[in-house]
Amino acid sequence: MRLPRPPRTMLLLLLVGIFLFLLTPSANASHHRGAEISYSCINPCTTRVSLSMYGDCTISCFWGSWIRWKERTPGCIVPPSVYPVTYILTVELTPVCPSVSTNCTTPGALVQGLEEWRWFRDYDNCAVPACEFDLLWTDCCRTNTVQNIVSPGSTGMAIVGTFISTGPGGCNNSPQFTDNALSYFCAGQDHEFAVGAYDPDGDSLAYTLMPCYGDSVNPVTYAAGYSYLQPLGPTWDVSLDSKTGILTLDALPGN
């Protein structure tokens, strides 16, 4: 996610990585399906940075890389951490009936389950001069069954440019999601999807589709017939409302 605007106008990018949740997976060493960075003001001097990762249940509470701070002005000092990275959550997100088992809870089950893992780390805002940073996260690799990019099993995943300011009085909040970034829908049927984003500080939000990134500077290579504007291929019309963040998938007829 790239947020290049000033801190009072937060640009929220709805990564097309949500589409990578929608394909039938199999057990393999590559596991990433999505990720999310957010931060919140705990008190005037403490900012909590959180990382959520979404992946196959065959990997039990995997730990990848942590978030990096990249200064926007040379000489900026990263605020010191108050605590080590703290693990807080594992939750299964597979939308199945109670009578259906997934391999999250039943090894060998035919249904591949999906889980969310979440961590946070607190930083001392007041220990450093005021400065502006991007928060970056990269890791490898995506689940091999993703169909809309080339070589997903060897392609990394990145969230790029989540804006944050530091220094006394710089405790701010990023946009927050009220829903998880997982969606299933039926082939050939129209669908609407929204993650319910809001900003605790009342900052305005704007939404746009952007390419998926394989690392902090390079977009992924899309497979033939796919792009970030056509993440489901040419038989789906995908549109995003820039004001509401509602993503509309129009099957034409879809596959």
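With respect to the conditions (1) open to solvent by 20 Å² or more (accessible area, probe 1.4 Å); (2) touching a Pro at 6+ places or on another chain (Cβ under 6 Å), Asp199 falls short on a single one, namely (1). Close Cβ contacts (under 7 Å, 6 or more residues apart or on different chains) running from residues in region 173-198 that are part of a loop (DSSP other than H, G, I, E, B) to residues that are at pLDDT below 80 and β-branched (Val, Ile, Thr) comprise Asp179/Val195; Ala181/Ile18; Ala181/Val195; Ser183/Ile18. So which residues in region 159-169 are open to solvent by 10 Å² or more (accessible area, probe 1.4 Å) and of a type outside the set (Ser, Thr, Tyr)? Within region 159-169, Val160, Pro168, Gly169 meet the criteria.
Of all the residues that make up region 112-129, how many are exposed (fewer than 15 other Cβ atoms within 10 Å of the Cβ) and part of a strand (DSSP E or B)? Number satisfying all stated conditions: 1.
Could you check, for region 85-93, whether at least one of its residues is surrounded by 12 or more Cβ atoms within 10 Å (Cβ to Cβ) and assigned to a loop (DSSP other than H, G, I, E, B)? Taking every residue of region 85-93 in turn, at least one turns out to be surrounded by 12 or more Cβ atoms within 10 Å (Cβ to Cβ) and assigned to a loop (DSSP other than H, G, I, E, B). Of a type in the set (A, V, I, L, M, F, W, C), more than 17 Å from the chain's Cα centre (by Cα) and surrounded by fewer than 16 Cβ atoms within 10 Å (Cβ to Cβ) - does that describe any residue in region 187-194? Yes. Checked against (1) surrounded by 15 or more Cβ atoms within 10 Å (Cβ to Cβ); (2) free of Cβ contacts under 8 Å to residues at least 40 places away in the same chain; (3) not acidic (Asp, Glu), Val82 meets all criteria but (2). Within region 134-156, residues that are in contact (Cβ under 8 Å) with a residue 60 or more places away in the chain and within 22 Å of Gln112 (Cα to Cα) reach partners that are open to solvent by less than 20 Å² (accessible area, probe 1.4 Å) and of a type in the set (Lys, Arg) with beta carbons closer than 7 Å, at six or more positions or on different chains, in the pairs Thr143/Arg33; Pro152/Arg142; Gly153/Arg142; Thr155/Arg142.
Which residue is least open to solvent (accessible area, probe 1.4 Å), if the candidates are limited to region 214-241 and must be in contact with a strand residue (DSSP E or B) (Cβ under 9 Å, 6 or more places away or on another chain), hydroxyl-bearing (Ser, Thr, Tyr) and free of Cβ contacts under 8 Å to residues at least 60 places away in the same chain? Spell out the reasoning first.
The initial filter retains those residues of region 214-241 that are in contact with a strand residue (DSSP E or B) (Cβ under 9 Å, 6 or more places away or on another chain), namely 214-223, 226, 228-232, 235-241.
Subset that is hydroxyl-bearing (Ser, Thr, Tyr): 216, 221-222, 226, 228, 235, 239.
Filter once more, so that each one left must be free of Cβ contacts under 8 Å to residues at least 60 places away in the same chain: 235, 239.
Values: Thr235: 40, Ser239: 57 Å².
So, considering only residues that are in contact with a strand residue (DSSP E or B) (Cβ under 9 Å, 6 or more places away or on another chain), hydroxyl-bearing (Ser, Thr, Tyr) and free of Cβ contacts under 8 Å to residues at least 60 places away in the same chain, the one least open to solvent (accessible area, probe 1.4 Å) is Thr235.
Residue pairs whose Cβ atoms lie under 9 Å apart, separated by 6 or more positions or on different chains, with the first residue in region 49-78 and open to solvent by 60 Å² or more (accessible area, probe 1.4 Å) and at pLDDT 85 or above and the second in a loop (DSSP other than H, G, I, E, B) and acidic (Asp, Glu), do not occur. For region 185-237, the set of residues classified as under 20 Å from Pro175 (Cβ atoms) and among the hydrophobic types (A, V, I, L, M, F, W, C) consists of Phe193, Ala194, Val195, Ala197, Leu205, Ala206, Leu209, Met210, Cys212, listed by residue number. Is one or more of the residues making up region 147-154 open to solvent by 20 Å² or more (accessible area, probe 1.4 Å), within 22 Å of Leu240 (Cα to Cα) and in contact with a strand residue (DSSP E or B) (Cβ under 7 Å, 6 or more places away or on another chain)? No, that holds for no residue.
The values are calculated or read from the model by the stated rules, or taken from the named source; none is laboratory data. Remember, predicted model here, so these are calculated numbers, not experimental data. Neighbour counts are summed over all protein chains in view; Cβ atoms, including those assigned to glycine, are modelled from backbone coordinates with ideal geometry. Ligands, DNA and RNA are stripped out before the accessible areas are found, and what is left, the full protein with its side chains, is counted by its heavy atoms. Shrake-Rupley method; radii C 1.70, N 1.55, O 1.52, S 1.80 Å.
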